[in-house]
Amino acid sequence: MTTDIEGAARWLAEAVETGNPLAALPEGLAPASLEEAEEIAAAVLESLRITPCGLRVLRGLDVAGPMVEGRLVPSGSPIAAGMLRHGLASAAVVGVLAEALGEGPPVLARVHPAIDLSSTRFTEAPTDRLVVTADLARLGLVVAGRGKPMPEAPVRVAIGPAGHRRRGEAFDLAALFAEAAEVARAWGGLPAGALLVVAGLGDALPASGALRVTVSGLGAAEAVVA
């Protein structure tokens, strides 16, 4: 049976637009391959007349999907918990491309520490990688702090309740963004000014209460989900 890409996209687009959750995609609408899942995600945004502003890679689930400008909010923003169905918070970094993505490492104008607040359009959070990809890779909100030039040394990234101090886990940002760039090339590339978001750094927490991500050499991002 051939998957109805447009039909699946209409279901998901309606859920994005109305906020009403979906049951599991029925037979004939569920993606049967990663290519179909990516096509559905792209068709969702096309149906809503939303132009993606970059790519978001969610490392914890090994999925990627389009980044949307309206889902990027500044650090300190209050966020209603009802906006995030089955919400999870993870540490993230946001890179802004200084040049169109070429064959080599991405050239970034600046990098922002961020909190990735993932969400789903489904009543029950899907675990199937293909469905998660079609579900815009669980795109919820990305809360970004102030940007700085890319640190040359590896950084330590920590997430937890605001006021809680942790040493964090070490990451090589250049390697993370290089991996994300490879994914972006497979999606068709990115122009100058586009965003490369790498989320799912370390453990994920329930998206609730006052949250803070710190990235050594970059700074912090904070959000209150209530």
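Bear in mind that the values in this text are calculations on the coordinates, not laboratory data. Quantities reported herein were computed from a predicted structural model and do not represent experimental measurements. Positions of Cβ are generated from backbone atoms using ideal geometry, with glycine treated the same way; all protein chains shown enter the neighbour counts.
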Point to revise | Net charge of neighbours whose Cβ lies under 11 Å from the Cβ of residue 52, counting Lys and Arg as +1 and Asp and Glu as -1 | key: 0
Exercise for review: First select every other residue whose beta carbon is under 15 angstrom from the beta carbon of residue 222; then total the charges, Lys and Arg +1, Asp and Glu -1.
Suggested key: +3
Point to revise | the stretch 53-225 - Rg (one decimal) and Dmax (whole number), Cα, Å | key: 14.8, 43
Study note, to complete from the structure: Quick calc: nm separation of the 7 Å Cα→Cβ label points for residue 33 and residue 69 -> 3.4
**Study point:** Computed FRET value (nearest 0.05) for residue 109 with residue 156, which takes r as the C-beta separation and R₀ as 41 Å
**Key:** 0.95
Check your understanding: Fully extended, how many nm does the chain gain between residue 208 and residue 220 (0.36 nm per residue separation, minus their Cα-Cα distance)?
Key -> 2.6 nm
Check your understanding: Which distance in nm do the two modelled labels at residue 186 and residue 51 give, with both placed 7 Å along the Cα-to-Cβ direction?
Key -> 2.6
Exercise for review: Compare 15, 64, 207 in a GNM of the chain, Cα atoms joined below 10 Å, and give the one with the largest fluctuation.
Suggested key: 15
Practice item. Multiply the residue separation of residue 170 and residue 10 by 0.36 nm, subtract the distance between their alpha-carbon atoms, and state the gained length in nm to one decimal. Key: 53.5 nm
Review point. Quick one: Cα centre-to-centre distance for the stretch 173-215 and the stretch 118-151, in angstrom?
Key: 10
**Study point:** Contact order relative to length of the stretch 53-225, as percent, for alpha carbon pairs under 8 angstrom and 6 or more apart
**Key:** 36
Point to revise | the stretch 10-135, dipole about Cα centre (Lys/Arg Cβ +1, Asp/Glu Cβ -1), debye to the nearest 20 | key: 520
